[in-house]
1. How do THR236, THR344 line up, fewest other C-beta atoms within 10 Å first?
2. Starting from the stretch 190-258, pick out the GluC sites (Glu not before Pro) whose DSSP state is loop and whose Cβ has at most 15 other Cβ atoms within 10 Å.
3. Only Cα pairs under 8 Å and at least 6 apart count here; give the relative contact order of the chain as a rounded whole percent.
4. Hey, got a sec? Which trypsin sites (Lys or Arg not before Pro) in the stretch 67-138 land in a DSSP loop and have at most 15 other Cβ atoms within 10 Å?
5. Kindly provide the helix-only [θ] at 222 nm of the chain, computed as the sum of -39,500 (n - 2.57) over DSSP H runs of four or more divided by all residues, to the nearest 500 deg cm²/dmol?
6. What's the exposure ranking of MET1, MET150, going from fewest to most Cβ atoms within 10 Å?
7. Run the simple label-point estimate for GLU64 and GLU143 please: 7 Å along Cα→C-beta, distance reported in nm.
8. If you filter the stretch 326-382 for trypsin sites (Lys or Arg not before Pro), then keep DSSP loop positions with at most 14 other Cβ within 10 Å, what is left?
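Readers should treat all values here as calculations from the given coordinates under stated rules, not as data from a laboratory. Everything numeric in this text was worked out from a predicted model, so none of it was measured. Here the Cβ positions follow ideal geometry from the backbone for every residue, glycine too, while neighbour counts run over all protein chains shown.
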Amino acid sequence: MKTLVIYCIPRQGFTLQEQLDDCLLQLEEQIILKNLGKKNTLKQTFFLKVSHQDEYDKIVDVLEGQIQQFYGAFLPATSFIAQAPENGKHVTMEVFFLADFSNKTEVIYRSLDKVSYTVVQHPDFKEVYAAGLTVKRQDSFYEKAMGAFMLMEKILDFEDLAFSDVVRQWNYIENITKIIEKVSERQHYQIFNDVRSSFYRKSEFVNGYPSATGIGMDTGGVVIDFIAVSPSQKLTIKPIKNPGQIDAFEYSEKVLVGKLLNESSKKTSPKFERGKVLQTLNAARIYVSGTAAILGENIVDKKNIEKQTLVTIENIKNLISVENLKSIGLHLNPEKKSFSYIRTYVKHQKDISAVKAICEKQFKSENFQYLVSDICRDDLLVEIEGSLEF
């Protein structure tokens, strides 16, 4: 069940193509160095500096061809996200690999409705890694959100899974805080939350909602990535609460922006847990959701990037503290572990150096990535996510 994350950040090159070539060269080097093999790739995300849909579509068309050539007959779950990497780079890569090899485990590559995804078949359960769930039609934002969730539902149905089996979800939302209609005051993020809730109502989340990130991107409509796991008596799945934060799905309407889709009901809250743990007899994994400087349900230090970053990190430390994990029956010690990755979203390019200095002092990890991205509330300046492997 253990995964390994590799970041490929361009070391050289000025153009998109030159930087992509360098990223793929780095990936090839790491695959050889760590004895991984391309056929153990689970999921990959390309982060792109791109500002409008036409440019995004052209770049994605080119990248898809090159990636197919790189992998050959199989293609792992892949997404292209319009979030500018730090320091003006055109592209960076984040790649998840299966790290514990066994002749009892099989990696299977599938495609449904032209969406590639990856299945890891373990002896007692399976994991499904899906990415790049989006519709490219020039529909309304509501239709784009619906289309992405319909693709998600198709893959889950085909794999005999439900929304309640999703343990980690990434939700990339174009212009996330945008109010699209002055009269109706409908906001992109609130529309997304209402659509998500309508699909989630089809499942009973006995093990809590997924760990998740809802984050802005510059173009591309709505893109969803997810990891789902089949139920098994050999696998324990639990949500992790943060003692200093109200659960996002319990937010009051006062912090939800814009009017609802259906005037006969009320606005729905973001349906995700602050963290999620998966544990087998021999291994465990903690997914840390996108976390920001929110105490209770309110933003703190609205105009101070350093203070928001420190509050965000303290929220993560409280979430995964030994004491908090013991409170839900988990005897794990994150203080002795490095994060398999830390991904940080920063609202303003000018703040990246300050955020970077704090994060790399406070976290233990070999994989840091910083992206310029809008956050789900206007006064939030930074958001951080990650995962731990035991």
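1. On the way: THR236 15, THR344 25.
Lowest to highest Cβ neighbour count: THR236, THR344.
2. GLU204
3. Values: 881 pairs, mean separation 62.1, N = 390.
Value for the chain: 16 percent.
4. Sites meeting the loop and neighbour criteria: LYS104, LYS114, LYS136, ARG137.
5. On the way: 7 runs with 99 residues, N = 390.
Taken over the chain, the calculation gives -8000 deg cm²/dmol.
6. With the sparsest Cβ surroundings first, the list reads MET150, MET1.
7. 1.9 nm
8. LYS364
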